[in-house]
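Below: the structure, in structure tokens.
The values are calculated or read from the model by the stated rules, or taken from the named source; none is laboratory data. As the structure is a computational prediction, the values presented were derived from the model and not from experiment. A quick note on method: Cβ atoms are made from the backbone with ideal geometry, for glycine too, and the neighbour counts reach across all protein chains shown. Side chains are part of the model used for accessible areas, which takes the heavy atoms of the whole protein and leaves out ligands, DNA and RNA. Shrake-Rupley method; radii C 1.70, N 1.55, O 1.52, S 1.80 Å.
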Amino acid sequence: LAAVFGGVMGMIVLRISQLQISDKFPILLPFTYASAYVLCEWIRTKFWFGVPWGRLSLGQLTEGVPYSVLSSSIFGTYFVTFLIVLVSCLIAQALIIGKFKLRTILSLTLVLSNLLCGVIVASIPDKTSTTVKVAAIQANINSRDKWNASSKDIYLKYESLTKSAAEDGAELIVWPETAITDNRYISVVSEFADELDVYILFGCFDYTSEGPQNILCLTTPEGEISETTYAKRHLVPFGEYVPMRKFIMTVFPPLAEIAMLSEDLVPGDGSEIFEIEINGEQIKVG
């Protein structure tokens, strides 16, 4: 699927490179290629095949947050992707056609300007506000084992991790999506939140009249379940549902059988906001 987008992008650039304007102004080709790459990366987030994994800008992330990606806080992650592809194409073009001066100066200017932007963004002091100590825990359970193992075994692993996080001072503890596969254990999570005096945000299923949904629930330090729930909107094709199910099952049945669930999940339609109270102040969590 990822190769299809790369192929389409390559065909677009190849066609443009054959135009007369490309011969007159070859410097435009790197900009065209970078624009096409960003367009294809954006399209990958849309429609049923939208799986926005492996974004090029994510390759810039190392331990901590490097200056090279801080410009995304102003211009977005696609800007970082555009810069990576543009600079790479300028260098490649310089090597191919032998015209180094303009492309080298332009490449260095783009890289240094981006780094300078990152330095400036990093130097802006944070606004003083209430901080919340959050722990995100992951029990490292194989996705297939999760559906075969008993919910009790899974819960005991999260219980241990949650207790450790609470002892380290966490006020909000986040569990993964569908951490609870058996909703009978939701009440146990509530009791645990009450015992540790923490908020726990966890994933489970909600069975509506339209079908099952992959949702997030919040338990309060008093052990109460928040009325607000978030239903996952962008479901994973062939994992949480089978797109064009009738067609796929008719033409290629094995592709429909790789889904984790026996029935398709129903996507949510809202960006729900949870509210927690820390030191008497209301904090919004999305």
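Conditions (1) within 22 Å of Thr45 (Cβ to Cβ); (2) touching a strand residue (DSSP E or B) at 6+ places or on another chain (Cβ under 7 Å); (3) surrounded by fewer than 19 Cβ atoms within 10 Å (Cβ to Cβ), marked per residue:
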| residue | (1), (2), (3) |
| --- | --- |
| Leu56 | yes, no, yes |
| Gly59 | yes, no, yes |
| Arg103 | no, no, no |
| Ser107 | no, no, no |
| Ser113 | no, no, yes |
| Ile124 | no, no, yes |
| Val134 | no, yes, yes |
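Table: residues versus (1) in contact (Cβ under 8 Å) with a residue 60 or more places away in the chain; (2) in contact with a Leu (Cβ under 9 Å, 6 or more places away or on another chain); (3) surrounded by 11 or more Cβ atoms within 10 Å (Cβ to Cβ).
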position: Ala3; (1), (2), (3): no, no, no
position: Val8; (1), (2), (3): no, no, yes
position: Val13; (1), (2), (3): no, yes, yes
position: Pro26; (1), (2), (3): yes, no, yes
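Please state which one of Lys146, Lys152 is assigned to a helix (DSSP H, G or I), surrounded by 14 or more Cβ atoms within 10 Å (Cβ to Cβ), out of contact with any Phe, Trp or Tyr (no Cβ under 7 Å at 6 or more places or on another chain) and of a type in the set (D, E, K, R).
Lys146
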(request) Report the residue count in segment 251-270 for those that are open to solvent by less than 80 Å² (accessible area, probe 1.4 Å) and among the hydroxyl-bearing types (Ser, Thr, Tyr). (result) 0
(message) Conditions first: (1) open to solvent by 90 Å² or more (accessible area, probe 1.4 Å); (2) part of a loop (DSSP other than H, G, I, E, B). Ile141 passes all but one, so which condition is the exception?
(response) (1)
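Check Leu201, Leu216, Leu161 and return the single one that is open to solvent by 20 Å² or more (accessible area, probe 1.4 Å), at pLDDT 85 or above and either aromatic (Phe, Trp, Tyr) or part of a strand (DSSP E or B) (or both).
Of the residues listed, the single one that is open to solvent by 20 Å² or more (accessible area, probe 1.4 Å), at pLDDT 85 or above and either aromatic (Phe, Trp, Tyr) or part of a strand (DSSP E or B) (or both) is Leu216.
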(message) Can you find, within segment 90-101, the residue that is nearest to Val13 (Cα to Cα) among those that are at pLDDT below 90 and open to solvent by less than 40 Å² (accessible area, probe 1.4 Å)?
(response) Gln93
(message) It is to be established whether one or more residues within segment 48-57 are assigned to a helix (DSSP H, G or I) and within 25 Å of Val121 (Cα to Cα).
(response) yes
(request) Name the single residue, out of those in segment 223-244 being open to solvent by 40 Å² or more (accessible area, probe 1.4 Å) and part of a strand (DSSP E or B), that is nearest to Glu263 (Cα to Cα). (result) Tyr241
